[in-house]
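What follows is a single structure, written as structure tokens, with notes after it.
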Amino acid sequence: MIAIVDYGMANLRSVEKALLRVGGHPIITSDPHVVARADQIVLPGVGAFCAAMANLEQSGLRDAVLQAIAAGKPFLGICLGLQLLFESSTEMGGARGLGLIPGHVVRFFENAPPPTLPDGMPLKVPHIGWNALHLPRSSRLFRDIEEGARVYFVHSYYPEPSDASVVAATTDYGVDFCCAIEIDHIAATQFHPEKSGTVGLQILRNFVRWN
């Protein structure tokens with residue numbers, strides 16, 4: 001069973017349908033006890049970092065997720081679910097994350113003006129659309145995914161890991177940024193695999209077959 005963690009901040013049905021399509025057995029749950037019994041964990045998310053951490057804490061899901069990860073269960077974070085793994089985010093003046101991955105989450109072009117396009121217009125934030133993946137190393141999550149494969153993004157913030165060895169994929173949007181991490185049984189993507197066509201389905205298939 002794959003527990004899709006429902007803490008009130010994600011389009012869970014699209015993740016559920018995509019996992020079903022690749023042979024997974026997902027269940028959407030807000031019950032910490034169900035998370036504890038699951039074989040694998042998926043933490044999706046959209047919206048504000050601070051609100052997400054507050055919802056996880058108040059629901060008891062924060063501890064359930066941390067205990068599942070500590071027990072070695074395969075974990076996949078999606079979008080905000082990636083960002084929450086880090087120590088902190090600069091969003092809304094700063095907020096602490098789960099602290100599982102050393103590093104911080106920052107906004108695009110936070111301390112400098114955005115680069116301009118050939119027509120002179122600045123790059124827009126949020127970053128919305130399809131971008132190519134750069135895969136600096138082999139990883140279980142990106143097995144059978146080709147260099148340059150395109151995936152779908154919707155976000156204004158991205159992670160800056162302290163340790164480059166956790167980076168499983170990068171992409172470019174005015175800056176070359178980490179868009180996926182993998183370390184041991186923990187993996188996460190800044191993009192939305194459930195919205196990324198056949199490439200995204202292969203990534204989810206790789207997670208379903210992790211064990």
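Some observations on this one:
- Rounded tilt (10° steps) of 197-208 against the dominant C-alpha axis of the chain: 40 degrees
- The stretch between GLU87 and LEU117, if pulled fully straight at 0.36 nm per residue, gains 7.5 nm over its current Cα-Cα span.
- Cα→Cβ-extended label distance, 7 Å offset, between VAL154 and ILE128, nm: 0.8 nm
- In degrees, nearest ten, helix 61-70 long axis to first principal axis of the chain (Cα): 90 degrees
- Inter-centroid distance (Cα atoms) of region 154-211 relative to region 1-22, Å: 17 Å
- Residue-wise HN-Hα coupling along region 39-44, computed from phi with Karplus coefficients 6.51, -1.76, 1.60 (Hz; x: Gly, Pro): 7, 9, 10, 10, 10, x
- Residues THR171, THR189, THR90, THR29 arranged by fewest to most Cβ contacts within 10 Å: THR90, THR29, THR171, THR189
- The chain, dipole about Cα centre (Lys/Arg Cβ +1, Asp/Glu Cβ -1), debye to the nearest 20: 540 debye
- In loop segments of region 41-134 as defined by DSSP, the trypsin sites (Lys or Arg not before Pro) with at most 15 further C-beta atoms inside 10 Å of their C-beta are LYS124.
- Acute angle (nearest 10 degrees) that the helix 49-59 long axis makes with the longest principal axis of the chain, alpha-carbon atoms: 10 degrees
- Top positive-direction residue, dipole computed over region 2-208 with Cβ charges, set LEU123, PHE108, ILE69: ILE69
- Annotation note: trypsin sites (Lys or Arg not before Pro) in region 134-211 located in DSSP loop regions with a Cβ neighbour count of at most 16 within 10 Å are ARG137, ARG140, ARG143, ARG209.
- Positive-end residue, region 15-86 charge dipole about Cα centroid, Cβ charges, pick of GLY23, VAL42, ALA54: GLY23
- In the chain, excluding the sites themselves, the longest stretch lacking any of the GluC sites (Glu not before Pro) that are in a DSSP loop with at most 14 other Cβ atoms within 10 Å is 1-109.
Every read-out reported here was derived from the displayed coordinates using simple, explicitly stated rules and does not represent laboratory data. Nothing here was measured: the structure is a model prediction, and the numbers come from that model. Positions of Cβ are backbone-derived with ideal geometry, glycine not excepted, and every protein chain shown enters the neighbour counts.
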